[in-house]
Amino acid sequence: MIVVKNLVKRYGHHLAVDRVSFSAAPGQVVGLLGPNGAGKSTLMRILAGYMTPTSGHAIIKGEEPAYLSVAARSRIGYLPERAALYWEMRVDEYLRYRARVKSVPSKKIPRRIEQAAEICGITAVRKRIIGQLSKGYRQRVALAAVLLHNPGVLILDEPTSGLDPLQMSEIRGLIRGLGTHRTVLFSTHLLAEAQAVCERVVMLRHGRVIADGTPAEIRRDTFGDVIHIEVAQSLTELGQSNGADFMARLQQAFPEAQVRLDVAAPRLRLTLAQQGATEPAFRIALAQALHENGATPIEIASAVPTLESLFTRVMESAGDP
Amino acid sequence: MSKKKKTPDPVPALAAAPTASAEEAPREAEPVADAAAPTEESDATQRTIEAVDGAAGGAAPARELAPPVAAADEVATAEPPAITAAHLRPPMEDEADADGSDDPTAAAAIEPRRIIRGGYRPVFLGQVWAVFRRELTLYFLSPMSYLVWTVVLVASGYLFVTSLSDGGQASLVRTFSQMGFFLVVAVPLLTMRLVAEELRQGTLEIVLCEPMGESAVVLGKFLAAYCFLLVLLSPTLAYPFALQRIGDPDPGPIYAGYLGLCLLSMLFVAIGLWTSTATSNQIAAGTLSFALLFVFWLLGRAADSLGEGLTSEVLLYLSAFTRFDAFRRGMIDTRTLAYIFSLTAFYLFLSVRFLGLRRLR
């Protein structure tokens, strides 16, 4: 259970986190999505108790880890962005060390290590020295260490960064599995990752929440629906003297749509966003409109927006601070 | 595979590829990862995948963009084992106590229990022991410790022999004084990495986010460094035995001298530890603690050269070395004990505070 209320963190004049509020229920996987420098790590560090906020609350199960409650911290599993390990230790030694530090009862330690190692798939490397492991394995060791005290809340800061695609997908699967009984907050700058793992996404930009909801909701709210259009002619072929005419006429036909020119030649490519744009009726109307303006549509397809375009759009609607 | 048709934008397609393997990997990987898996296992996998499919909801169209064959290839060539159904199950014991049996009511959420910085932070011996063990192991693994060890032993052995042949006395008074100076050099080399290195490598963030007070960290590290220093000095116990073979030394000054050496080491380690918490640069930490220890040593020298007078007396009080002098002559002074213990406690306290400051930034 995570509640963040009006959280502000200021570094000198720089506002790293600006009045952020959201909450996450048990059994929910929430993704913090944002470009680098959006304040994701700062927010997570405050939640993990590594930093104190300038104002506001970051509450985990009714307590604020930032105010140094050892009890609060014992309910959190925090994986920092740099999952730094002690490279000279063996995996087993390291996990035992972390378990002791987390005050896991000594009778339970071997069992917990076994379980965490099994969950993270590192049973085979338990006797190896951490420094000699591959990056994927090191990330798993770090994740296993976080699970040792069986925390109800997991805070994972970019757990898949620097991994290859297969390792990424495995870690994602792991996070989904862990999220069924725990509250998981994890950060990423990949939209696809957020879509694959989270039930809910909180988008940050310049330290502010700019969107909060399921990935599908955010997409719908910000874009309406998006379709890509490709026609057989180039812009110059279509536009007689200049192409603005064609674009203007298209805009006239669909006054509510946002039309963007992607590629002018050899074949014109456009992106069009409007509520309900993916409906067949709309696409039929679009095809007719294109045809009337001398264009031969060869492709009209609904699109999954990229993170970049989604951000640009959300930013525009939120207004740049 | 119904919605997959044309997606002209290449970016989502690329980004979706890992997603696809997330879904497909367990199914395809089963024979690779565990050929002898029982049939229920693959059923479980199937169920998990179905559950995941249901949960993924909005992600469904994106998932189907990549061919599942690619995922299978990746699994076959990849080095780590794939996550199987067993891994996806949330299997930790006593799940109930971990997960929100305490009801997160709205009231509790709005009025959180705040524990003020600097308030009660229990020190659990198990945590101190864990930190202590790790640090001590690290000392025995580090080449630097063996280097320091060798240099200290060779130099003190050489000076022990020369002091015997020069002075012709069966006494360790001169050797103790020289070993005191070795500490000024050796302790910074041993303690400089304690916290500075963790800060530089980023492991300190993990340490500070553990359910553990800073004092446990400081105590564990301090005890480990102190223990290692005592181990490092222990071979010099051969000197008194050697003296006994060739002469008839007075045992009193030797016992007192060793006690003094141990106490002096304790203080120096505390100072070294504090300088290590003060900076993220090992070399800076080492230099700073060397400078501090050297000043202690200089104070005694300065007092000697000033002769009688108030300044000289004050300096004598302040210098750890002058206090050590009394010990190696066989005198145990309670004022000295108070001096060393209180200064050690002071520096340990400073270390705890400085470590706490690392949290704020």
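Only one residue in B:A270, B:A256, B:A284 is modelled with pLDDT under 95, over 18 Å from B:F176 (Cα atoms) and assigned to a helix (DSSP H, G or I). Which one?
On inspection, the qualifying residue turns out to be B:A284.
Could you list all residues from the stretch B:197-213 that are within 9 Å of chain A (Cβ to nearest Cβ) and of a type in the set (D, E, K, R)?
B:E198, B:E205, B:E210
Quick one: which of A:A116, A:A84 is in a helix (DSSP H, G or I) and open to solvent by less than 60 Å² (accessible area, probe 1.4 Å)? Lay out the reasoning, then the answer.
Working: A:A84 fails: in a helix (DSSP H, G or I).
Answer to the selection: A:A116.
Being under 20 Å from A:P159 (Cβ atoms), out of contact with any strand residue (DSSP E or B) (no Cβ under 6 Å at 6 or more places or on another chain) and not basic (K, R): is that true of A:T52 here? Spell out the reasoning first.
Details: under 20 Å from A:P159 (Cβ atoms): no; out of contact with any strand residue (DSSP E or B) (no Cβ under 6 Å at 6 or more places or on another chain): yes; not basic (K, R): yes.
The answer is no for A:T52.
Only one of A:R176, A:R126, A:R182 is away from chain B (no Cβ under 11 Å), touching a helix residue (DSSP H, G or I) at 6+ places or on another chain (Cβ under 9 Å) and farther than 18 Å from A:E81 by Cα; which?
Sole residue among the options that is away from chain B (no Cβ under 11 Å), touching a helix residue (DSSP H, G or I) at 6+ places or on another chain (Cβ under 9 Å) and farther than 18 Å from A:E81 by Cα: A:R126.
From the list B:R301, B:R328, B:R335, which one is more than 19 Å from the chain's Cα centre (by Cα), buried (at least 19 other Cβ atoms within 10 Å of the Cβ) and farther than 30 Å from A:P53 by Cα?
Numbers: B:R301 fails: buried (at least 19 other Cβ atoms within 10 Å of the Cβ); B:R335 fails: buried (at least 19 other Cβ atoms within 10 Å of the Cβ).
Of the residues listed, the single one that is more than 19 Å from the chain's Cα centre (by Cα), buried (at least 19 other Cβ atoms within 10 Å of the Cβ) and farther than 30 Å from A:P53 by Cα is B:R328.
Any residue at all in the stretch A:49-63 that's crowded, with 23+ Cβ neighbours inside 10 Å, within 7 Å of chain B (Cβ to nearest Cβ) and under 19 Å from A:V101 (Cα atoms)?
Yes, the stretch A:49-63 contains at least one residue that is crowded, with 23+ Cβ neighbours inside 10 Å, within 7 Å of chain B (Cβ to nearest Cβ) and under 19 Å from A:V101 (Cα atoms).
Taking the stated definitions as given, is A:G243 assigned by TED's automatic domain parsing to the domain that holds A:P297, at pLDDT below 80 and in contact with a strand residue (DSSP E or B) (Cβ under 9 Å, 6 or more places away or on another chain)?
The answer is yes for A:G243.
Go through (1) modelled with pLDDT of 80 or more; (2) open to solvent by less than 30 Å² (accessible area, probe 1.4 Å); (3) assigned to a strand (DSSP E or B) for A:I300 and report which single condition fails.
Going through (1) modelled with pLDDT of 80 or more; (2) open to solvent by less than 30 Å² (accessible area, probe 1.4 Å); (3) assigned to a strand (DSSP E or B) one by one, A:I300 breaks only (2).
Sort out which residues of the stretch A:127-136 are modelled with pLDDT of 90 or more and not charged (D, E, K, R), and write them in order of number.
A:I129, A:I130, A:G131, A:Q132, A:L133, listed by residue number.
Among residues belonging to the stretch A:1-20 that are over 13 Å from A:S55 (Cβ atoms) and without any contact (Cβ under 8 Å) to a residue 60 or more places away in the chain, point out the one that is least open to solvent (accessible area, probe 1.4 Å). Can you show your working first?
Applying the first criterion (over 13 Å from A:S55 (Cβ atoms)) to the stretch A:1-20 yields A:1-3, A:11-14.
Next, from what is left, pick out any that are without any contact (Cβ under 8 Å) to a residue 60 or more places away in the chain: A:3, A:11-14.
Details: A:V3: 19, A:Y11: 77, A:G12: 63, A:H13: 183, A:H14: 106 Å².
Restricting to residues being over 13 Å from A:S55 (Cβ atoms) and without any contact (Cβ under 8 Å) to a residue 60 or more places away in the chain, the top hit is A:V3.
When you scan the stretch A:91-98, do you find a residue that is crowded, with 22+ Cβ neighbours inside 10 Å and at the interface with chain B (Cβ under 7 Å from one of its Cβ atoms), even just one?
No, the conditions are met nowhere in the stretch A:91-98.
Is it fair to say A:I122 is over 22 Å from B:L138 (Cα atoms) and in the same structural domain as A:G162 (by TED's automatic domain parsing)? Show your work before the answer.
On the way: over 22 Å from B:L138 (Cα atoms): yes; in the same structural domain as A:G162 (by TED's automatic domain parsing): yes.
Yes.
Looking at A:S169, A:S161, A:S134, which one is more than 27 Å from B:R133 (Cα to Cα) and within 7 Å of another protein chain (Cβ to nearest Cβ)?
A:S169
Is the stretch A:99-107 home to any residue that is at the interface with chain B (Cβ under 7 Å from one of its Cβ atoms), open to solvent by less than 10 Å² (accessible area, probe 1.4 Å) and either part of a helix (DSSP H, G or I) or out of contact with any helix residue (DSSP H, G or I) (no Cβ under 8 Å at 6 or more places or on another chain) (or both)?
yes
I need the full set of residues from the stretch B:325-361 which are aliphatic (A, V, I, L, M) and not in a helix (DSSP H, G or I), in order please.
Within the stretch B:325-361, B:M331, B:I332 qualify.
Filter the stretch A:23-38 down to the residues that are open to solvent by less than 10 Å² (accessible area, probe 1.4 Å) and either of a type in the set (F, W, Y) or assigned to a loop (DSSP other than H, G, I, E, B) (or both) and list them by number.
Step one: filter the stretch A:23-38 for residues open to solvent by less than 10 Å² (accessible area, probe 1.4 Å), giving A:24, A:29-34, A:38.
Within the stretch A:23-38, A:G34, A:A38 qualify.
Of the conditions (1) among the basic types (K, R); (2) modelled with pLDDT under 85; (3) open to solvent by 80 Å² or more (accessible area, probe 1.4 Å), B:R353 fails just one. Which one is it?
With respect to (1) among the basic types (K, R); (2) modelled with pLDDT under 85; (3) open to solvent by 80 Å² or more (accessible area, probe 1.4 Å), B:R353 is out only on (2).
Within the stretch B:263-285, does at least one residue satisfy the condition of being without any contact (Cβ under 8 Å) to a residue 60 or more places away in the chain and within 24 Å of B:E135 (Cβ to Cβ)?
no
The values are calculated or read from the model by the stated rules, or taken from the named source; none is laboratory data. Being a predicted model, the structure only gives us computed values, none of them experimental. Counting neighbours? That spans all protein chains shown, and the Cβs are built from the backbone with ideal geometry, glycine included. These accessible areas exclude ligands, DNA and RNA; they are computed on the full protein's heavy atoms, side chains included. Shrake-Rupley method; radii C 1.70, N 1.55, O 1.52, S 1.80 Å.
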